[in-house]
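**Student:** Sending over a structure as structure tokens; questions will come in a sec.
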Amino acid sequence: MRKTITLISLLLSALFLRAQEVLPAPVNIPENSVSLLDFGGISDGVELNTAAFARAFEALEKGGGGRLVVPAGIFLTGPIALPSCTDLYLERGAVILFSPDKKDFFDGKKVPPCISASKKHDVSISGEGIIDGNGAWWRPVKRSKVSDTEWKVFRRMGGTLTADESAWYPFGLKHYEDIAPTWMAQEKLRTHLIRFSDCERVNVSGVILQNAPKFHLVPQRCSDVTIRDVFVRCPWNAQNGDGIDIMQCVRVHISGCTVDVGDDGICLKGGVGQKGLEEGPCKDILIENNIVFHAHGGFVIGSEFSGGMQDIIVRNNTFSGTDTGLRFKSAPERGGLTQNIRISDICMTDIKDESIVFQTDYVDRPAGGKEKKASNKNDFVPEFTDITISGVVCRGCNTAIRAKGTLETIHGISVSDCVFFYTDKATDIDIPGMISQKNVRMISY
């Protein structure tokens, strides 16, 4: 009888988790198709194609939408804006390369993303080509993260060193003009490779995204987002080189992607303070069958999530060579509430620091800038709770589980049916009871 009850309980549990999988609605793109070459596109990697992209999308928009095909070749360009009901399709061998000249982006006040869509619907980027943000001309570099040979390459570009020579900024370059009076002001203008804002039905599939000036793929306040079979890559030391950052979106499915980047791999963010709370949570998110190589974290929540995190499933992912595996980070003034987060069947190898880490005193560490102090205010304090983690197998980490905070900020966390091979500490947990463990094997040398 007891076995029957247990089986029924497991089946009901499985059905409950299955019911949380709210998959996004697909994009609707008309059959109409045009080539960038028909609008003056030149694939020599020298001529600027900004106007050609604008003309092509204007024609598609007037015709009710459709697909813009980018054929094989290198298409140098400034910013691209997608209208509703359009698909930017890159054929195999096609490279969209964004200009290293910041003046090709700057409108006198701000710098738009390399590719963007704002308040649109049914927008898509697909194909087999490469989208390259030329980020080396935008990103600062920490001296401690590059070899002597690499450092000399950056110095030959010109640029500016901080007073203590701990960082290099692409300000005062030999061949391109600045767009701000100081390196600090210009750094604030650094933009994302792809950003969708307040859009309905978004698709990104098949393409390679690389060398973003900042983050690579950023849907924010969007609904029904599908990200499938995308390869995101940049140097391991790329400053703020996040892979996929989901910001306060609803109904998101990320699957079959490969990420190898300089900062967080697949990350969920939820806004800061009152504004974040008003804009709402990340909700109904399914992240499965992805591989993350180098990243600060394989799967990450935070640091800002005042809007909250709800109904999130993360399963069947592999993290190989990340700094941390499952990373939960925040601090007062930027925290929120997590609800119904289910993480299962994660394989990890060669994790530099912690396999699982909870941190509630996170601070930013900008290149060449002063480290910001953690706030001691009681507003928007993070509350990591209602999180279950099971089926993790980690071969190689410094610490298996780390949790830094209070019982008010970290509680209701369960870790079960896991195996951790660690080299330093099994656990580093501030207060007993923060994280419950069941059938967890801790193994070391």
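**Student:** If a residue must be buried (at least 24 other Cβ atoms within 10 Å of the Cβ) and under 25 Å from PRO26 (Cβ atoms), how many such residues does region 249-262 contain?
**Tutor:** Here the count works out to 5.
This table checks each residue for (1) of a type in the set (Gly, Ala, Ser); (2) at pLDDT 95 or above; (3) closer than 26 Å to VAL111 by Cα.
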site	(1), (2), (3)
LEU12	no, no, no
ALA25	yes, yes, no
PHE39	no, yes, yes
ARG55	no, yes, yes
LYS62	no, yes, no
PRO71	no, yes, no
GLY78	yes, yes, yes
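Table: residues versus (1) assigned to a loop (DSSP other than H, G, I, E, B); (2) surrounded by fewer than 17 Cβ atoms within 10 Å (Cβ to Cβ); (3) of a type in the set (Phe, Trp, Tyr).
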position: PHE171; (1), (2), (3): no, no, yes
position: PRO181; (1), (2), (3): yes, yes, no
position: ARG190; (1), (2), (3): yes, no, no
position: VAL202; (1), (2), (3): no, no, no
position: PRO213; (1), (2), (3): yes, no, no
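**Student:** Considering (1) within 23 Å of ALA25 (Cα to Cα); (2) surrounded by 19 or more Cβ atoms within 10 Å (Cβ to Cβ), say which one ARG221 fails and leave the rest.
**Tutor:** In the conditions (1) within 23 Å of ALA25 (Cα to Cα); (2) surrounded by 19 or more Cβ atoms within 10 Å (Cβ to Cβ), ARG221 misses (2) alone.
**Student:** Working carefully through the options GLY273, GLY265, GLY297, find the one that is buried (at least 24 other Cβ atoms within 10 Å of the Cβ), in contact (Cβ under 8 Å) with a residue 12 or more places away in the chain and within 22 Å of VAL381 (Cα to Cα).
**Tutor:** Answer to the selection: GLY297.
**Student:** Separate question: For region 185-199, give me the residue count where each residue is closer than 14 Å to ASP132 by Cα and among the hydroxyl-bearing types (Ser, Thr, Tyr).
**Tutor:** Of the residues in that region, 1 qualify.
**Student:** Sort out for me the strands (runs of 3 or more DSSP E) sitting completely within region 273-347 that have 3 or more residues that are in contact with a strand residue (DSSP E or B) (Cβ under 9 Å, 6 or more places away or on another chain) and within 17 Å of ASP361 (Cα to Cα).
**Tutor:** 297-301, 324-329
**Student:** Taking region 219-250 as the search range and keeping residues that are among the aliphatic types (A, V, I, L, M) and outside any loop (DSSP other than H, G, I, E, B), which one is nearest to GLY321 (Cα to Cα)?
**Tutor:** Step by step, filter region 219-250, then rank; the result is VAL232.
**Student:** Can I ask one more? Any residue at all in region 284-291 that is touching a residue at least 40 places away in the same chain (Cβ under 8 Å) and either surrounded by fewer than 24 Cβ atoms within 10 Å (Cβ to Cβ) or of a type in the set (Ser, Thr, Tyr) (or both)?
**Tutor:** yes
**Student:** What's the total number of residues in region 112-166 that are in a loop (DSSP other than H, G, I, E, B), at positive phi and buried (at least 18 other Cβ atoms within 10 Å of the Cβ)?
**Tutor:** So the answer is 1.
**Student:** Right, here's the next one. So if I check each of LEU88, LEU76, LEU68, which one is outside the structural domain of ALA185 (by TED's automatic domain parsing), among the hydrophobic types (A, V, I, L, M, F, W, C) and touching a Gly at 6+ places or on another chain (Cβ under 6 Å)?
**Tutor:** So the residue among LEU88, LEU76, LEU68 that is outside the structural domain of ALA185 (by TED's automatic domain parsing), among the hydrophobic types (A, V, I, L, M, F, W, C) and touching a Gly at 6+ places or on another chain (Cβ under 6 Å) is LEU76.
**Student:** Given the criterion hydrophobic (A, V, I, L, M, F, W, C), modelled with pLDDT of 95 or more and over 14 Å from the mean Cα position of the chain (by Cα), identify the matching residue among LEU286, LEU277.
**Tutor:** Of the residues listed, the single one that is hydrophobic (A, V, I, L, M, F, W, C), modelled with pLDDT of 95 or more and over 14 Å from the mean Cα position of the chain (by Cα) is LEU286.
**Student:** Here's a follow-up. Scan (1) touching a strand residue (DSSP E or B) at 6+ places or on another chain (Cβ under 7 Å); (2) more than 19 Å from ILE343 (Cα to Cα) for the single condition GLY241 breaks and write down its number.
**Tutor:** Every listed condition holds for GLY241 apart from (1).
The values are calculated or read from the model by the stated rules, or taken from the named source; none is laboratory data. In this text, all values refer to a predicted model and were calculated from it rather than measured experimentally. No Cβ is skipped: glycine too gets one built from the backbone with ideal geometry, and neighbour counts run over all protein chains shown.
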